Ligand code: ADP
Ligand code: ASP
Ligand code: MG
């Protein structure tokens with residue numbers, strides 16, 4: 001008997017009417033495959049609503065209690081879906097992350113899955129039940145509930161598919177696959193029939209929220225074949241798979257953007273060994289991730305250092321940078337929230353020179369100034385003014401002819 005993991009995102013279970021539609025998809029999959037594990041997200045905007053409620057309690061937001069609260073959104077959907085399945089005559093049981101054996105590190109709001117003990121899930125499957133697991137959550141060795149970061153139900157699904165050695169992992173969402181760009185921003189974006197793990201990991205990490213980056217890491221590590229598809233249509237979605245399984249590599253596969261970016265600059269920093277380490281060690285000590293870094297050319301034994309961080313880390317970064325700036329005797333600091341990152345991703349880029357130049361030209365032709373650049377073998381990213389993002393993403397999509405079908 002085949003085993004299939006199906007994940008349904010927030011919009012797919014946003015109302016009881018949609019929940020019934022999901023239950024029908026699950027029932028049909030059970031008829032076809034025999035063994036089905038379902039992972040659900042919280043209904044609609046429940047997670048955001050719970051965050052707003054928590055914010056009403058006052059300025060102190062305890063990480064542990066926040067995770068205890070947010071995990072309940074997914075628990076509601078899991079129980080409601082199991083009940084809906086019962087009413088269709090399908091035996092089903094809901095499990096919290098803890099009951100499903102999902103063990104995580106002790107890092108609230110962004111925990112990584114360390115281990116999954118699948119005995120309970122296997123027992124329920126052996127008893128002929130559909131197992132509905134609450135996504136986005138796990139439990140620490142000390143029995144505290146954790147959540148896996150926004151979009152974390154994707155990771156629950158792929159990790160379960162890996163551990164249970166599922167034949168398929170279907171991620172049902174409100175789009176019918178992975179597109180060449182966010183279809184909400186680019187009208188001519190095209191659905192990809194397949195994409196490599198590496199390209200998907202870059203796109204997800206660079207802002208394409210359709211899959212959580214960690215879910216793609218798991219898929220690549222354990223060779224899980226993931227399909228992103230719509231819970232509203234029957235069409236085939238996008239397969240995420242190993243490069244060798246694909247016939248050809250595209251030069252540029254997709255464009256992504258990220259508005260969760262802030263820029264920090266320190267002016268006239270002394271140019272001597274140990275300075276960069278002093279700045280970035282202090283940020284790391286506060287668990288603040290630094291993305292792009294630029295150091296200007298030396299003038300009079302001093303230079304400027306700028307870098308980007310996630311915008312939602314800025315309020316924590318400001319006091320750290322102010323302290324380090326004072327200690328180093330810099331002449332000034334600047335913090336900017338009006339920036340964004342646009343990126344192009346494609347596995348064929350590494351063997352095609354001139355791709356970065358074409359990107360810079362496309363941005364220049366729109367009068368968009370590039371503030372920072374970073375590259376890897378299969379991506380180029382630029383930091384630009386946040387107000388120009390839509391124009392930039394559309395221009396890049398046109399320049400690399402992403403609206404045209406592959407040859
Ligand atoms: P779910 O609630 O099902 O997890 P998400 O909102 O997290 O759904 O992810 C789906 C959304 O991802 C889409 O509505 C789309 O706007 C956005 N998205 C961003 N980039 C892409 C892309 N390249 N392809 C498809 N969707 C994308
Ligand atoms: N409900 C969580 C969120 O909104 C997790 C998820 O949807 O995957 O981020
Ligand atoms: Mg999501």
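The values are calculated or read from the model by the stated rules, or taken from the named source; none is laboratory data. In this text the structure is predicted, and so the values were computed from the model without any measurement. Virtual Cβ from ideal backbone geometry, glycine too; neighbours counted across all protein chains shown.
Assess whether residue 219 counts as being crowded, with 23+ Cβ neighbours inside 10 Å, more than 15 Å from ligand 2 (Cβ to nearest atom) and outside any loop (DSSP other than H, G, I, E, B). Judged against the criteria, residue 219 is a match.
Does residue 101 meet the test of being at pLDDT 95 or above, within 12 Å of ligand 2 (Cβ to nearest atom), closer than 24 Å to residue 167 by Cα and in contact with a strand residue (DSSP E or B) (Cβ under 7 Å, 6 or more places away or on another chain)? Considered against the rule, which asks whether it is at pLDDT 95 or above, within 12 Å of ligand 2 (Cβ to nearest atom), closer than 24 Å to residue 167 by Cα and in contact with a strand residue (DSSP E or B) (Cβ under 7 Å, 6 or more places away or on another chain), residue 101 comes out as no. For the range 109-117, the criterion of a residue being within 28 Å of the chain's Cα centre (by Cα) and under 20 Å from residue 25 (Cα atoms) is satisfied by no position. Given the criteria modelled with pLDDT of 95 or more and either away from ligand 1 (no atom under 16 Å from the Cβ) or in contact with a helix residue (DSSP H, G or I) (Cβ under 9 Å, 6 or more places away or on another chain) (or both), does residue 28 qualify? The answer is yes for residue 28. Just to be sure before I move on: is residue 192 within 22 Å of residue 11 (Cα to Cα), surrounded by 20 or more Cβ atoms within 10 Å (Cβ to Cβ) and within 16 Å of ligand 3 (Cβ to nearest atom) in the structure I sent? Judged against the criteria, residue 192 is not a match. In the condition set (1) within 23 Å of residue 304 (Cβ to Cβ); (2) modelled with pLDDT of 95 or more, residue 398 is compliant with all but (1). Residues in the range 181-194 that are over 16 Å from the mean Cα position of the chain (by Cα) and under 27 Å from residue 244 (Cβ atoms): 6 in all. Here residue 241 fits the description: touching a strand residue (DSSP E or B) at 6+ places or on another chain (Cβ under 8 Å) and either modelled with pLDDT of 95 or more or more than 16 Å from ligand 3 (Cβ to nearest atom) (or both). With the requirement that a residue be more than 15 Å from ligand 3 (Cβ to nearest atom) and surrounded by 23 or more Cβ atoms within 10 Å (Cβ to Cβ), what does the range 38-49 give you? Once the filter is applied, which keeps residues that are more than 15 Å from ligand 3 (Cβ to nearest atom) and surrounded by 23 or more Cβ atoms within 10 Å (Cβ to Cβ), the range 38-49 yields only 38.
For the range 5-37: of the residues being part of a strand (DSSP E or B) and under 13 Å from residue 91 (Cβ atoms), which is nearest to ligand 3 (Cβ to nearest atom)?
That would be 36.
Candidates are the residues of the range 147-159 that are over 20 Å from residue 230 (Cα atoms) and surrounded by 24 or more Cβ atoms within 10 Å (Cβ to Cβ); the one that is nearest to ligand 3 (Cβ to nearest atom) is 148. Among the residues making up the range 323-349, those that are assigned to a helix (DSSP H, G or I) and surrounded by 14 or more Cβ atoms within 10 Å (Cβ to Cβ) are 324, 325, 328, 347, 348, 349. Take residue 181 and decide whether it is in contact with a strand residue (DSSP E or B) (Cβ under 6 Å, 6 or more places away or on another chain), buried (at least 23 other Cβ atoms within 10 Å of the Cβ) and more than 27 Å from residue 375 (Cβ to Cβ). The answer is no for residue 181. In the set 110, 115, 123, only one residue is within 16 Å of ligand 3 (Cβ to nearest atom) and surrounded by fewer than 21 Cβ atoms within 10 Å (Cβ to Cβ); that residue is 110. Filtered by the rule that a residue be assigned to a helix (DSSP H, G or I) and either closer than 21 Å to residue 160 by Cβ or free of Cβ contacts under 8 Å to residues at least 60 places away in the same chain (or both), the range 38-65 gives 46, 47, 48, 49, 50, 51, 52, 53, 54, 55, 63, 65. Any residue at all in the range 159-170 that's in a loop (DSSP other than H, G, I, E, B) and near ligand 1 (Cβ under 10 Å from one of its atoms)? There is no residue in the range 159-170 that is in a loop (DSSP other than H, G, I, E, B) and near ligand 1 (Cβ under 10 Å from one of its atoms).
Take the conditions surrounded by fewer than 22 Cβ atoms within 10 Å (Cβ to Cβ), farther than 15 Å from residue 160 by Cβ and in contact (Cβ under 8 Å) with a residue 40 or more places away in the chain and apply them to residue 77. Does it pass? When the stated conditions are applied, residue 77 does not pass them.
Residues that are within 15 Å of ligand 3 (Cβ to nearest atom) and either under 15 Å from residue 225 (Cα atoms) or in contact (Cβ under 8 Å) with a residue 60 or more places away in the chain (or both) within the range 160-175 comprise 169, 170, 171, 172, 173, 174, listed in sequence order.
None of 252, 224 is in a loop (DSSP other than H, G, I, E, B), surrounded by 20 or more Cβ atoms within 10 Å (Cβ to Cβ), at pLDDT 95 or above and within 16 Å of ligand 1 (Cβ to nearest atom) except 252. Within the range 315-337, residues that are without any contact (Cβ under 8 Å) to a residue 40 or more places away in the chain reach partners that are assigned to a helix (DSSP H, G or I) and surrounded by 13 or more Cβ atoms within 10 Å (Cβ to Cβ) with beta carbons closer than 7 Å, at six or more positions or on different chains, in the pairs 320/282; 320/283. Out of 347, 340, one residue alone is touching a helix residue (DSSP H, G or I) at 6+ places or on another chain (Cβ under 6 Å), in contact (Cβ under 8 Å) with a residue 60 or more places away in the chain and over 25 Å from residue 307 (Cα atoms). It is 347.
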